[in-house]
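What follows is a short report on a single structure.
Readers should treat all values here as calculations from the given coordinates under stated rules, not as data from a laboratory. Since the structure is predicted, the reported quantities are computational estimates derived from the model, not experimental observations. Backbone-built Cβ (ideal geometry, glycine too); neighbour counts: all protein chains shown.
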Amino acid sequence: MTDIKRPNDEAEVSALVRDAAANGTSLRIQGGGTRAGLGRPTQDAATLSTAGLSGITLYEPAEMVIGAKAGTPLETIEKALAEKGQMLAFEPADFRLLFGTQGTPTIGAVAAGNISGPRRLWGGAARDSLIGVRFVNGNGEIIKSGGRVMKNVTGLDLVKLQAGAWGTLGVLTEVIFKVVPKSDTVATFVLSGLDDATAVTAMATAITSPFEITGAAHLPATAKSSEVAPGSREDFAAARNGIGGEGARTYLRIEGFPVSVDYRAGELAKLLSRFGTLSRLEESIGTSVWSAIRDAAPLAEPRDAAIWRLSVKPSEAPATIEAIRPAMAVRAFYDWGGGLIWLAVSAEGDAGATVIRAAAKAAKGYATLMRAPDAVRAVVPVFEPESAAVAALTRRIKASVDPARLINPGLMHAGV
Amino acid sequence: MSAIAFPVPDAGILARRAALIEGLAALLPPDCLVTAEDERRAFETDAFTAYRRMPLAVALPRTTAEVSAVLAFCHQQGVPVVPRGAGTSLCGGAIPQEDAVVIGVSKMNRILEIDYANRIARVEPGVTNLAITNAVSAEGFFYAPDPSSQLACTIGGNIGMNSGGAHCLKYGVTTNNILGVTLVMMDGTIIEIGGEAMDAPGYDLLGLVCGSEGQLGIMTEATIRILRSAEGARPVLFGFETSEQAGEAVAAIIGAGIVPVAMEFMDKPAIEICEAFAHAGYPMDVDALLIIEVEGSDAEMDATLKLIVEIAKRHGVKTVKESKSAMETAAIWKGRKSAFGATGRIADYICMDGTIPTGQLPFVLRRIDEIVKGYGLRVANVFHAGDGNLHPLILYNCNDPIEAQKAEDAGNDILKLCVEVGGCLTGEHGVGIEKRDLMHHQFNDADLHQQMRIRATFDAGWLMNPAKVFPLEGRI
Ligand SMILES: Cc1cc2nc3c(=O)[nH]c(=O)nc-3n(C[C@H](O)[C@H](O)[C@H](O)COP(=O)(O)OP(=O)(O)OC[C@H]3O[C@@H](n4cnc5c(N)ncnc54)[C@H](O)[C@@H]3O)c2cc1C
């Protein structure tokens with residue numbers, strides 16, 4: 001049983017890190033614990049829970065900015081924003097289903113992981129919305145970067161550096177995000193029966209149109225028979241329970257005020273007519289479609305499968321899967337118009353790492369091992385291995401922030 | 001005047017100039033090395049013209065390999081380098097020092113690849129911002145960040161400064177529109193950061209390099225996001241009797257869930273200056289002008305504008321004037337984008353760039369007026385209202401050293417004010433030498449030391465653009 005520390009404010013975090021430094025013991029940072037299975041398994045002396053660092057510190061709807069202590073539940077943030085008709089632009093995921101975890105996702109972990117949902121296509125990644133951070137570095141010093149204004153180029157941008165560092169560059173204590181208005185109308189459309197390559201072309205056609213697509217995902221078919229009407233609740237339930245149970249589905253999303261959505265929907269239907277009929281989903285079904293895609297729900301079961309998340313050049317996505325398929329059984333779906341591929345494969349051996357990483361590389365991309373048993377993650381690099389020069393730089397950056405490697409050591413890369 | 005200090009040039013380096021030039025000449029074709037004094041003079045300063053220093057030599061490499069060779073040589077010789085794009089920096093980011101070699105990327109100005117389906121372009125760093133949009137506009141695409149200097153400034157400089165523009169409210173700044181760079185570090189090591197896919201895992205080195213002001217390495221290639229243009233765009237002029245009303249209208253528009261592509265503010269002096277220059281049809285009988293641009297189909301623009309006009313009316317708007325033609329649209333933007341140039345025709349000016357929380361707009365505008373008047377000077381305000389990025393232009397006569405000092409002091413007071421109300425020293429122009437000595441207003445020692453330690457992971461010997469960003473005292 002590791003010791004769990006629960007600091008109640010930034011000063012206590014600083015004191016804990018100083019203690020750890022004095023004793024030479026490492027700390028594993030925990031937000032809500034919902035992504036506990038992510039990263040390389042590590043053995044740390046103690047866990048530092050951010051649960052005691054909770055609360056919204058700043059919310060100015062007219063300035064489109066929200067700040068909160070790192071342990072604030074994401075739910076709290078999203079609720080406060082919704083009350084004022086706003087939201088986080090990058091559609092943060094909830095991985096409880098994927099990881100089979102309890103707890104509640106926290107805003108600090110959302111920032112640290114830089115994981116973005118379907119709307120990333122339009123609203124940028126989490127790192128693009130993150131405009132300010134406070135963190136405690138490995139010396140126990142409290143450091144700030146960025147702030148509450150959305151245009152800020154004063155000094156080096158340590159804000160971006162924290163996004164995607166998974167807490168290996170200090171304990172985030174407070175984060176500030178810019179936000180966007182929530183649209184009146186969120187409309188989801190579906191095209192049915194497209195093969196992967198055609199679907200990616202259809203999505204690219206939509207994304208490169210002037211009609212502002214805020215989501216473009218494709219769930220390939222595994223079984224061809226389709227008795228169920230595309231876009232119905234049963235159809236989506238089938239897709240959720242296993243990809244494309246009822247035939248391939250390509251989903252597109254448009255948002256805005258009603259007149260604008262209707263107009264763009266009409267134009268989009270014309271533009272995509274060669275790919276079939278574009279049917280509009282009932283709004284509540286659309287909501288479930290996008291949250292399932294966001295959370296990688298179609299791949300959550302079976303639990304023993306390894307889950308990969310590939311970021312590739314969108315047009316190369318179908319070829320990426322084709323390159324992997326001869327070597328192993330694959331279940332996959334596409335988000336971001338093909339730019340993001342979620343993959344489920346057997347966790348045996350290297351969980352397909354060699355083949356998958358080669359395929360991702362050929363597609364100018366990267367592969368992250370999101371879920372696999374500890375034993376696999378202990379030997380297979382979870383994050384894309386870096387070139388020698390970048391790996392050396394990564395180690396130097398870690399050392400410049402956390403010289404004794406006390407905070408989340410080894411979580412991203414061995415020795416970092 | 002020279003209130004801003006430069007490091008004392010290294011006499012040893014100056015003494016070795018001939019040998020150093022010989023070394024550089026062995027690495028570069030003759031037309032890529034500038035050594036004659038009259039030719040070097042073109043590189044003495046940037047758009048922060050109050051300061052200038054003659055560089056030791058200027059290298060204008062054409063390839064990543066040449067950049068790497070020149071850097072490795074300078075590294076080995078312990079010679080500082082100053083990366084340079086088009087030299088339009090307003091904060092002295094590209095101003096050399098006497099013992100430094102300027103490395104200009106102007107010869108690396110090709111667009112290497114345009115990939116519409118994946119919405120990306122691969123370009124060399126010396127290509128100008130506008131050249132990218134021009135290259136893709138026939139297909140209906142554009143590169144979003146649009147600094148007013150876009151005709152001249154380079155993408156390398158834009159990444160160096162993390163530049164913004166009038167349309168950033170909707171599309172973000174440079175860092176939000178770049179996917180990858182090739183970076184050559186001071187010792188000549190070439191690294192690839194990011195690429196053609198989104199969200200590379202690992203530390204966000206791309207985010208770190210954007211806005212690093214030429215201190216981490218020289219970018220020799222960039223992969224950038226191009227976007228499909230909206231079906232149409234229409235700027236509308238809203239004239240208000242007071243800046244307060246204009247500021248409140250901005251807050252109300254955003255509060256209503258409308259994010260126009262651009263919301264630009266001008267006060268009376270700025271309106272007069274820009275109108276005299278561009279004949280854009282700006283209303284002359286108001287104290288504050290908002291240029292608000294909306295996008296989409298005609299019906300969508302009409303609907304959005306209707307909402308905006310209603311809000312503006314609630315806040316006492318005096319005149320509303322819509323652009324009725326492409327020519328009018330061009331004139332409206334020409335007026336705004338030439339604000340600095342037009343101001344330069346009537347007086348010398350220094351341009352501030354602080355950002356403030358937009359809720360503080362009325363208070364800060366009033367204080368700016370008081371501060372500048374207190375020094376007996378005049379100010380014109382143009383800025384990006386939606387995001388609170390201010391550009392007070394303080395007018396002065398650069399031949400009068402006392403007045404020049406007053407202008408600099410007034411500027412510093414304004415920037416301190418921006419930080420005090422919760423904002424920052426610079427929203428898009430960068431720190432350079434101009435704001436270097438004010439960094440302590442925004443950051444404490446721990447913050448600055450952390451930044452400097454990270455800086456040193458790229459350039460341990462502090463040879464890359466070393467006079468910039470961090471106060472000369474207290475370096476690590
Ligand atoms: C009239 C006018 C209007 C302006 N309007 C705006 C505006 O609206 N928004 C805005 O943000 N800025 C504006 N600017 C400021 C300026 O144009 C920007 O900062 C621009 O990005 C600088 O580009 P440049 O090519 O001139 O770079 P330089 O001035 O040559 O260099 C800028 C910085 O980047 C570094 N650098 C340049 N190239 C490289 C490279 N390849 N690798 C590494 N580092 C490099 C330099 O060392 C320097 O620190 C304006 C300037 C003027 C004169």
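Taking a Cβ cut-off of under 9 Å around residue A:169, the surrounding Lys, Arg, Asp and Glu residues balance to a net charge of 0, with basic ones at +1 and acidic ones at -1. Under 20 Å of direct C-alpha separation, and excluding same-chain neighbours fewer than eight residues apart, residue A:361 reaches these lysines: A:313. Computed from Cα atoms alone, the Kirkwood hydrodynamic radius reported for segment B:1-49 is 13.2 Å.
Note on residue A:3 and residue A:269: the model spin-label points, each 7 Å out from Cα along the C-beta direction, lie 6.6 nm apart.
Relative intensity of the protein assembly as shown on a log10 scale, I(q)/I(0) at q = 0.10 Å⁻¹, equals -1.15, per a Debye sum over C-alpha point scatterers of equal strength in the absence of solvent.
Classify segment A:298-377 from the C-alpha gyration tensor, please: rounded if a/c falls under 1.5, else prolate or oblate depending on whether a/b exceeds b/c.
On the way: a/c = 1.78, a/b = 1.49, b/c = 1.20.
Here segment A:298-377 falls in the prolate category.
Could you calculate the FRET efficiency of residue A:322 with residue A:182 from 1/(1 + (r/R0)^6), where r is the beta carbon distance between them and R0 is 35 Å, rounded to 0.05?
Values: r = 38 Å, r/R0 = 1.09.
For residue A:322 and residue A:182, the calculated efficiency is 0.35.
Pull out a ≥ b ≥ c, the square roots of the eigenvalues of the alpha-carbon gyration tensor of segment B:233-340, then state rounded if a/c is under 1.5, prolate if not and a/b is larger than b/c, and oblate in the remaining case.
Details: a/c = 1.92, a/b = 1.17, b/c = 1.64.
Here segment B:233-340 falls in the oblate category.
For chain B, the longest principal axis of the C-alpha atoms and the axis of helix B:298-314 are separated by about 70°. Principal-axis analysis of the Cα atoms of chain A puts helix A:388-401 at an angle of about 50° to the longest axis.
When Rg is the radius of gyration of the Cα atoms in chain B and Rh is its Kirkwood radius, what does Rg/Rh come to? Before the final figure, lay out the partial values.
Details: Rg = 22.5 Å, Rh = 23.1 Å.
Dividing the radius of gyration by the Kirkwood radius yields 0.97.
Between residue B:326 and residue B:6, the simple label model (points 7 Å from Cα in the Cβ direction) yields a spacing of 4.6 nm. By other beta-carbon atoms within 10 Å, ranking B:219, B:464 with the fewest at the front produces B:464, B:219. Once you reduce segment B:167-242 and segment A:335-414 to the center of their Cα atoms, the two points are 24 Å from each other.
How much FRET efficiency would the formula 1/(1 + (r/R0)^6) give for residue B:65 and residue B:285, where r is the Cβ-Cβ distance and R0 is 60 Å, rounded to 0.05?
0.50
When the chain is fully extended, how far beyond the present Cα-Cα distance does residue A:277 get from residue A:374, taking 0.36 nm per residue of separation? Write down the numbers at each step before the final one.
Values: separation 97, 0.36 × 97 = 34.92 nm, distance 4.52 nm.
Here the answer is 30.4 nm.
Taking the Cα centre of the protein assembly as shown as origin and assigning +1 to Lys and Arg Cβ atoms and -1 to Asp and Glu Cβ atoms, the resulting dipole is close to 1140 debye.
Mind checking the mean number of beta-carbon atoms from other chains within 10 Å of the Cβ atoms in A:156-169? Write out the running numbers ahead of the final one.
Details: counts 18, 11, 7, 4, 11, 7, 3, 4, 7, 3, 2, 0, 1, 3.
Mean inter-chain Cβ contacts per residue within 10 Å come to 6.
Counting, for every residue in B:171-177, the Cβ atoms of other protein chains within 10 Å of its Cβ and taking the mean gives 4. Local charge for residue B:80 was computed over the other residues whose Cβ lies under 15 Å away, with Lys and Arg +1 and Asp and Glu -1, and equals +1. Structure remark: mean-square fluctuation, Gaussian network model of chain A, C-alpha springs under 10 Å; the largest value among A:344, A:62, A:372 belongs to A:62.
Between residue B:346 and residue B:369, what FRET efficiency follows from the Cβ-Cβ distance if R0 is 22 Å, with the result rounded to 0.05? E between residue B:346 and residue B:369, to the nearest 0.05, is 0.75. Put simply, the Cα atoms of segment B:308-407 extend 47, 32, 22 Å along their principal axes, the longest span coming first.
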